[in-house]
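Reviewing the structure listed below.
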Amino acid sequence: MTTPTGPGLDLPNGFLMGASTSPHQVEGNNVSSDWWQIEHRPGTFVAEPSGDAVDSFHRWAEDMDLLSELGFNSYRFGIEWARIEPERGKVSRAAVAHYRAMVTGALERGLTPVVTLHHFTSPRWFSELGGWLAPDAAELFAEYARTAAEILEIGVRHVVTINEPNMLAVMHAIRNVAAEHGWESIAHGKQKNAPTGAAAIDPATIDPDADVVHALIEAHRAASAVLKSADPGLKVGWTIANQVYQAEPGAQEVADAYAWLREDIFLEASRQDDWIGVQVYTRHRIGTDGPLPLPEGTETTLTDWEYYPRALGEAVRHTAEVVGPQVPIMITENGIATGDDQRRIDYTDEALASLAAAMRDGVEVLGYLHWSALDNYEWGTYRPTFGLIAVDRETFTRTPKQSARWLGALARSGRIPERPELPEARAASPR
Ligand code: GCO
């Protein structure tokens, strides 16, 4: 694989280039989690249960070998709370040992671990207590963080407390609406249709649950305090789903109000963190009546999102604007669900060019972790393939795609592409 040519931005020393996964989506058999329960509940809306996923619980070393050999220097993976604490107060020492081995394995392969403590799934017992709305949710999560500190202490520098709290808040609100209609609860904001012919619940039309928003911020703060007291050198943050809300003419106020509970309140809550994760895929245009449908003929991906690579640069710029320059940014998820791997390269090339322009304009970025390392379980279905590496779900054989080699070569080169010809690419200003 030749190093991608053309103009490019030399990356800062220590810039992390790699890929991300999450436990429930890749490990398999997460049987003590609330998601597993939802997947197997009679009449569930979930099209496909996660099952074995891609068996990364057993094959994580192989995953890390591939990422290292491809040229990456970082891997974001998660610790599964439901494995660490399958019953309230009962810590599995075997699970702690398992994740300590993963941290050591990453470090031994030259992969800087970025570790997520909560990635949409919770222990069933926690959800049965009311989840994030349980009276002692923040304390329960902080206690889990205290246990997780035993894993992080052997060499993790960057930890994510909660993945996409803003999506969690939307999911709670959607469950409330589904419950009002007597529908199976919709467990993930990306499930567009309520079950059995009921009217579609479109996440874009549901406001996040404000009580959950505040509970998540409290839980993040409580866990951060525990982690920092366990290891003051730990860099603690969380990852926010950036939807790149673009106001149509005359709709700025509507767009700002729409973005507040869905994104900006979480960005503002990050101003005292060590870093913030940006997770972005596409944009959403907001008109005076709210979110606008995609115009006929818009190119979309396997998740029905608009193909819009420059969302990356726009999300980074917005995050920096709201959070402030004192909190560096890490891209912890960016990618595309597609069966056309060349389109994945096209998308990522343009996305990175928009990132380079933002970095040229002074935004401090710590790294770029692509979603996802592996084709995996996309919350109810295996159809949307985000992976740089394909996985045979019978044999679990891993096969790196051309995009994996292309991005790995970029990682090795220490440069990301610049595309001055792109309409929004900003003039390369001296840093
Ligand atoms: C999310 C999660 C990931 C998804 C990815 C693609 O943002 O929903 O962090 O688990 O799989 O974003 O939808």
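Does D349 meet the test of being more than 16 Å from the ligand (Cβ to nearest atom), within 20 Å of the chain's Cα centre (by Cα) and over 21 Å from V54 (Cα atoms)?
In short, yes.
Of all residues in region 336-346 being of a type in the set (A, V, I, L, M, F, W, C) and more than 29 Å from K235 (Cα to Cα), which is nearest to the ligand (Cβ to nearest atom)?
Of everything passing the filter in region 336-346, A337 is nearest to the ligand (Cβ to nearest atom).
Residues I162, I151: which one is open to solvent by less than 10 Å² (accessible area, probe 1.4 Å), within 16 Å of the ligand (Cβ to nearest atom) and modelled with pLDDT of 85 or more?
I162
Can you report the number of residues in region 384-406 which are within 16 Å of the ligand (Cβ to nearest atom) and among the β-branched types (V, I, T)?
Of the residues in that region, 3 qualify.
Residue under question is A390, and the condition is that it be under 21 Å from E299 (Cα atoms), touching a Lys or Arg at 6+ places or on another chain (Cβ under 8 Å) and among the hydrophobic types (A, V, I, L, M, F, W, C); does it hold?
Considered against the rule, which asks whether it is under 21 Å from E299 (Cα atoms), touching a Lys or Arg at 6+ places or on another chain (Cβ under 8 Å) and among the hydrophobic types (A, V, I, L, M, F, W, C), A390 comes out as no.
I'm told S185 meets every condition in (1) open to solvent by 10 Å² or more (accessible area, probe 1.4 Å); (2) modelled with pLDDT of 85 or more; (3) among the hydroxyl-bearing types (S, T, Y) except one. Can you identify the failing condition by its number?
(2)
Just checking, which of E333, E299 is away from the ligand (no atom under 16 Å from the Cβ) and over 16 Å from F266 (Cα atoms)?
On inspection, the qualifying residue turns out to be E299.
Consider L294 against the criteria (1) under 22 Å from R383 (Cα atoms); (2) more than 16 Å from the ligand (Cβ to nearest atom); (3) buried (at least 19 other Cβ atoms within 10 Å of the Cβ): it satisfies all of them except one. Which criterion is unmet?
Of (1) under 22 Å from R383 (Cα atoms); (2) more than 16 Å from the ligand (Cβ to nearest atom); (3) buried (at least 19 other Cβ atoms within 10 Å of the Cβ), only one is false for L294: (3).
Just checking, does region 269-283 include any residue being over 27 Å from L234 (Cβ atoms), at pLDDT 95 or above, open to solvent by 50 Å² or more (accessible area, probe 1.4 Å) and part of a loop (DSSP other than H, G, I, E, B)?
yes
Could you say whether any residue in region 320-329 is within 24 Å of H118 (Cβ to Cβ), away from the ligand (no atom under 16 Å from the Cβ), touching a strand residue (DSSP E or B) at 6+ places or on another chain (Cβ under 7 Å) and not β-branched (V, I, T)?
For region 320-329, residues within 24 Å of H118 (Cβ to Cβ), away from the ligand (no atom under 16 Å from the Cβ), touching a strand residue (DSSP E or B) at 6+ places or on another chain (Cβ under 7 Å) and not β-branched (V, I, T): present.
Applying the selection to region 67-93, what residues are surrounded by fewer than 22 Cβ atoms within 10 Å (Cβ to Cβ) and more than 28 Å from F126 (Cα to Cα)?
Result: S68, E69, G71, N73.
Considering (1) of a type in the set (D, E, K, R); (2) over 16 Å from the mean Cα position of the chain (by Cα); (3) part of a loop (DSSP other than H, G, I, E, B), say which one E314 fails and leave the rest.
Exception for E314: condition (3).
Can you tell me which residue among L355, L369, L410 is in contact with a Ser or Thr (Cβ under 7 Å, 6 or more places away or on another chain), under 24 Å from L9 (Cβ atoms) and not in a loop (DSSP other than H, G, I, E, B)?
Exactly one of L355, L369, L410 is in contact with a Ser or Thr (Cβ under 7 Å, 6 or more places away or on another chain), under 24 Å from L9 (Cβ atoms) and not in a loop (DSSP other than H, G, I, E, B), namely L369.
Sort out which residues of region 268-284 are more than 16 Å from the ligand (Cβ to nearest atom) and touching a helix residue (DSSP H, G or I) at 6+ places or on another chain (Cβ under 9 Å), and write them in order of number.
E268, A269, S270, R271, Q272, D273, D274
Of the numbered conditions (1) within 30 Å of S413 (Cα to Cα); (2) within 15 Å of the ligand (Cβ to nearest atom), G8 fails exactly one; give the number of that condition.
Among (1) within 30 Å of S413 (Cα to Cα); (2) within 15 Å of the ligand (Cβ to nearest atom), the lone unmet condition for G8 is (2).
Give just the number: which of (1) modelled with pLDDT of 95 or more; (2) open to solvent by 50 Å² or more (accessible area, probe 1.4 Å) does A200 not satisfy?
Against the list (1) modelled with pLDDT of 95 or more; (2) open to solvent by 50 Å² or more (accessible area, probe 1.4 Å), A200 comes up short only on (1).
The values are calculated or read from the model by the stated rules, or taken from the named source; none is laboratory data. In this text, all values refer to a predicted model and were calculated from it rather than measured experimentally. Ideal geometry is used to build each Cβ from the backbone, glycine not excepted, and the neighbour counts take in all protein chains shown. What goes into the accessible areas is simple: the full protein's heavy atoms, side chains included, and nothing from ligands, DNA or RNA. Shrake-Rupley method; radii C 1.70, N 1.55, O 1.52, S 1.80 Å.
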